[in-house]
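Enquirer: Just passing along the structure, written as structure tokens.
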Amino acid sequence: MAGQQDVIRKYLNPELINKIAQLELNAKRIIEGYLSGSQKSHLKGFSVEFASHREYTQGDDIRRIDWKVFGRTDKLYIKEYELETNVNAFIALDISKSMMYGSAEYTKFEYACFLASALSYLLLNQHDSVGFALFDKDIRKVVPSLTGQGQIAPIIGTMEGAEIEEKTDLSSVFSQIAGLLKRKSFVVLISDFFEDIDHVKKGLDYLVGKKNELLILNVMDQRELDFNFRDLTMFEGLEDNYKRLCDPPSIRRAYVECVNEFMKELKTISFAMRSDYWLFSTHQPLETALTEFLISRLEQRKR
């Protein structure tokens, strides 16, 4: 039991939990509005249960004002509700060899594990069910969807036991995930998406074709983004036997253009499928990145 708690603390340590809890308190409507509320028009089965009142603030929906309370107190209060939902969230995490690269404190895989843990915590705290899978060229392990914070332990335990051995095949894997899901789901894909863009699109098509909603989280190392290497460097492929000795300053501009073009295409494909895309750099603290992500989604939703 102690060992299990140690593993949970590794990816969801008390300090991070505290920061996430503060995020929930300070931006409760952001989290509910995006991770749950945004699915209302597509994923059916929502009901609400009255929770409490809070004082009216400018910008609140006046339809939620409790006029009976106003009549008694001469003050405006908003009805707060708890969402009860049968939405099924499914988080799929890339464990291919390219995810093992890291020039900062964490590799892409480690950062992705922290991200998956935090999102699982938030979703489960909203009473959503959460399923989980690890993948490379195939689905390697699956945690069936369940509700409740007890689901955190098997999800994190599965990440801790991951074996990083293969390259990825996103077209095949996303097709497998689409077949695995028995009903419309909110699918969170966490990967560096290092593959031919046409294969990525084909894989995403499988998921969207089953009416799932997608959240595409692109995890990259900062050096993969800016290619900030200074000296003559031997680069080795993590998923093949490719090796090349390069002078980084002489090719930096061309490299960055290629990476930016790839991410632009991935973002364009995501938007064309009415899916959401967000880039995470492993150099950015997770709590900062999550806050920016959630606030950005809320602002986009308002627009």
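Enquirer: Considering only the stretch 143-171, how many residues are part of a loop (DSSP other than H, G, I, E, B) and in contact (Cβ under 8 Å) with a residue 60 or more places away in the chain?
Expert: Let us first name the residues in the stretch 143-171 that are part of a loop (DSSP other than H, G, I, E, B), namely 147-148, 161-169.
Filter once more, keeping what is in contact (Cβ under 8 Å) with a residue 60 or more places away in the chain: 162-168.
Number of matching residues: 7.
Enquirer: Can you give me the number of residues within the stretch 112-138 that are assigned to a strand (DSSP E or B) and either within 21 Å of VAL173 (Cα to Cα) or in contact with a Phe, Trp or Tyr (Cβ under 8 Å, 6 or more places away or on another chain) (or both)? Break it down stepwise before answering.
Expert: Quick first cut of the stretch 112-138, residues assigned to a strand (DSSP E or B) only: 129-135.
From the residues that got through so far, the ones that are either within 21 Å of VAL173 (Cα to Cα) or in contact with a Phe, Trp or Tyr (Cβ under 8 Å, 6 or more places away or on another chain) (or both) too are 130-135.
Going through the stretch 112-138 one residue at a time, the tally reaches 6.
Enquirer: When you scan the stretch 218-230, do you find a residue that is more than 19 Å from MET100 (Cα to Cα), in the same structural domain as ARG183 (by TED's automatic domain parsing) and out of contact with any His (no Cβ under 6 Å at 6 or more places or on another chain), even just one? Spell out how you get there, then give the answer.
Expert: Here is the first cut: in the stretch 218-230, the ones more than 19 Å from MET100 (Cα to Cα) are 230.
Within this subset, residues satisfying the condition of being in the same structural domain as ARG183 (by TED's automatic domain parsing) are 230.
Pick out the ones that are also out of contact with any His (no Cβ under 6 Å at 6 or more places or on another chain) and you get 230.
Yes.
Enquirer: If we scan the stretch 126-134, do we find a residue that is crowded, with 18+ Cβ neighbours inside 10 Å, of a type in the set (D, E, K, R) and closer than 18 Å to ASP192 by Cβ? Step through it out loud before you land on a result.
Expert: Initially, the stretch 126-134 is screened for residues crowded, with 18+ Cβ neighbours inside 10 Å, giving 126, 128-134.
Then drop every residue that is not of a type in the set (D, E, K, R), which leaves 128.
Add one more test, that the residue is closer than 18 Å to ASP192 by Cβ, and what stays is none.
Looking through the stretch 126-134, none of the residues is crowded, with 18+ Cβ neighbours inside 10 Å, of a type in the set (D, E, K, R) and closer than 18 Å to ASP192 by Cβ.
Enquirer: Being closer than 14 Å to ASP198 by Cα and among the basic types (Lys, Arg) is the filter here; which residues of the stretch 247-284 pass it?
Expert: Hits for the stretch 247-284 are LYS264, LYS267.
Enquirer: If you take the residues in the stretch 205-232 that are touching a strand residue (DSSP E or B) at 6+ places or on another chain (Cβ under 6 Å) and not aliphatic (A, V, I, L, M), which one is surrounded by the fewest Cβ atoms within 10 Å (Cβ to Cβ)?
Expert: GLN222
Enquirer: Given the condition modelled with pLDDT of 90 or more, in a helix (DSSP H, G or I) and either farther than 25 Å from VAL87 by Cα or in the same structural domain as ILE95 (by TED's automatic domain parsing) (or both), answer yes or no: does some residue in the stretch 232-248 qualify? So that I can check it myself, show each step before the final result.
Expert: Going through the stretch 232-248, the residues modelled with pLDDT of 90 or more turn out to be none.
No, the conditions are met nowhere in the stretch 232-248.
Enquirer: Might you let me know whether the stretch 260-275 holds any residue that is over 19 Å from SER96 (Cβ atoms) and touching a Cys at 6+ places or on another chain (Cβ under 7 Å)?
Expert: Taking the stretch 260-275 as the starting set, the residues that turn out to be over 19 Å from SER96 (Cβ atoms) are 260-261, 264-265, 267-275.
Restricting the remaining residues to those that are touching a Cys at 6+ places or on another chain (Cβ under 7 Å) gives none.
No, the conditions are met nowhere in the stretch 260-275.
Enquirer: Check the stretch 264-276 and report whether any residue there is closer than 19 Å to LEU170 by Cα, among the polar types (S, T, N, Q), in a helix (DSSP H, G or I) and more than 16 Å from the chain's Cα centre (by Cα).
Expert: Among the residues of the stretch 264-276, at least one is closer than 19 Å to LEU170 by Cα, among the polar types (S, T, N, Q), in a helix (DSSP H, G or I) and more than 16 Å from the chain's Cα centre (by Cα), which makes the answer yes.
Enquirer: Moving on. Within the group SER145, SER172, which residue is on the phi < 0 side of the Ramachandran plot, more than 18 Å from the chain's Cα centre (by Cα) and at pLDDT 90 or above? Reasoning before the result, please.
Expert: On the way: SER145 fails: more than 18 Å from the chain's Cα centre (by Cα).
Of the residues listed, the single one that is on the phi < 0 side of the Ramachandran plot, more than 18 Å from the chain's Cα centre (by Cα) and at pLDDT 90 or above is SER172.
The values are calculated or read from the model by the stated rules, or taken from the named source; none is laboratory data. Since we're looking at a predicted model, the values are computed, not measured. When we count neighbours, we look across all protein chains shown, and the Cβ atoms used for this are built from the backbone with ideal geometry, even at glycine.
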